[in-house]
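Below is one structure, written out as structure tokens; the observations come after it.
Just so it is clear, none of the values below were taken in a lab; they were calculated from the coordinates. Please read all numbers here as calculations on a predicted model, not as lab measurements. No Cβ is skipped: glycine too gets one built from the backbone with ideal geometry, and neighbour counts run over all protein chains shown.
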Amino acid sequence: MPSSHPHLHAVPKDLPEPPYPTDTKANGWKPELDLERLFSSDSWTLAEDEERPWLLRIWVEAWRSVPVGSMPSEHRLFARRIGCRTAFLEAHGEILLRGWTLHNDGLLYHRHITGMVEQMLTTRLSSRARVRAWRDRKKADKPTKQADVTRNNPACNAYVRVSNATEQEQEQEQEQEKKEESLSGAGAPRPKRPASQGFRLDLEELPKEWADWCRSNCPALDPGATWDRFSDYWRSTPGAKGRKSDWLATWRNWCRRELEHNPRRTSSGYTDKTERRRAINADLFDRARAHFPQVD
């Protein structure tokens, strides 16, 4: 070992300060090894073949140290870190320790590795600044984006336009009905719209001919219950969809659909065979009571 790097028991006070904080870590950062610079360096040129692998080993181990890029100044600890014998390190120290400088923290630093560490720290600071600026922009733009989500979304725009059109149509229809009532009087019937435009359902109760058609063609349905569903639906339907030119035809289609949508109904009008048998038994019992009044 050369005299410039003795086995240190006490660190002189006139040594330079460490180039960066003593807790600096690589944290997975992979250094970019400049092979052209390495192979053209004086240390690599002067090194023997058996010494060159140990030069690379020292650089790798220094990057794993804390602080990153440093090596211990003690001979035995230095040799153990790179995996060689202390006698070998001392015999080839002139080449293996070439360019390493002792600092006042008791550690050795190499100027080339120190430059790589400083480049790493600069890149980290720049990256953190970009991330911070991006988060600030995102935070600042968030309220604006939430406010503009409806305006910038075609689907929302379409829904809003349809909703506004429906509301405007309902308001116009109500205003038209009020004008017709004021012109014709409170008790006078309102004039119906032209057949081409249709008119709304204005029947208060189920007409007899409608009920008779339902019983004849859809015996499985209850005309009264079907009428309640029919009238509630069409009275609550707004706009042009709630106007029909032929309400009787609409009633017939409604009854047919209700019959189709009930899978338990059979062609005879009963929900299943048990109901059919009960109906037949009840009918036979009623006929027996009519022929034999004494049976009770």
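See the values below:
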read-out: Average Cα contact separation per residue, the stretch 1-147, under 8 Å, 6 or more apart, as relative contact order %; value: 31 percent
read-out: Most positive-pole-ward Cα, Leu56, Leu121, Ala133, against dipole of the stretch 1-147 from beta carbon charges; value: Ala133
read-out: The stretch 1-147 shape via C-alpha gyration tensor axes, a/c threshold 1.5; value: prolate
read-out: The stretch 39-78: C-alpha gyration tensor shape, a/c 1.5 cut-off, then a/b vs b/c; value: prolate
read-out: Estimated inter-spin distance, Glu205 and Glu61, nm [label 7 Å along Cα→Cβ]; value: 10.7 nm
read-out: Loop-resident sites, the stretch 10-52, for trypsin sites (Lys or Arg not before Pro), counting at most 14 other Cβ within 10 Å (DSSP); value: Lys13, Lys25
read-out: Order of Leu96, Leu248 under a 10 Å beta carbon neighbour criterion, fewest first; value: Leu248, Leu96
read-out: Restricting the stretch 27-64 to GluC sites (Glu not before Pro) in coil, as DSSP defines it, with at most 11 other Cβ within 10 Å; value: Glu32, Glu48, Glu50
read-out: Charge context of Trp213, other residues only, Cβ under 15 angstrom, K/R +1, D/E -1; value: 0
read-out: Residue order, fewest to most surrounding Cβ atoms within 10 angstrom, among Cys255, Cys84, Cys214; value: Cys84, Cys255, Cys214
read-out: Estimated inter-spin distance, Lys241 and Leu15, nm [label 7 Å along Cα→Cβ]; value: 8.5 nm
read-out: Residues of the stretch 228-247 with amide N under 15 Å of the 7 Å Cα→Cβ point at Asn217; value: 246-247
read-out: Residues in the stretch 32-72 that a label on Asp105 would reach, taking backbone N under 12 Å of a point 7 Å out along Cα→Cβ; value: 65-72
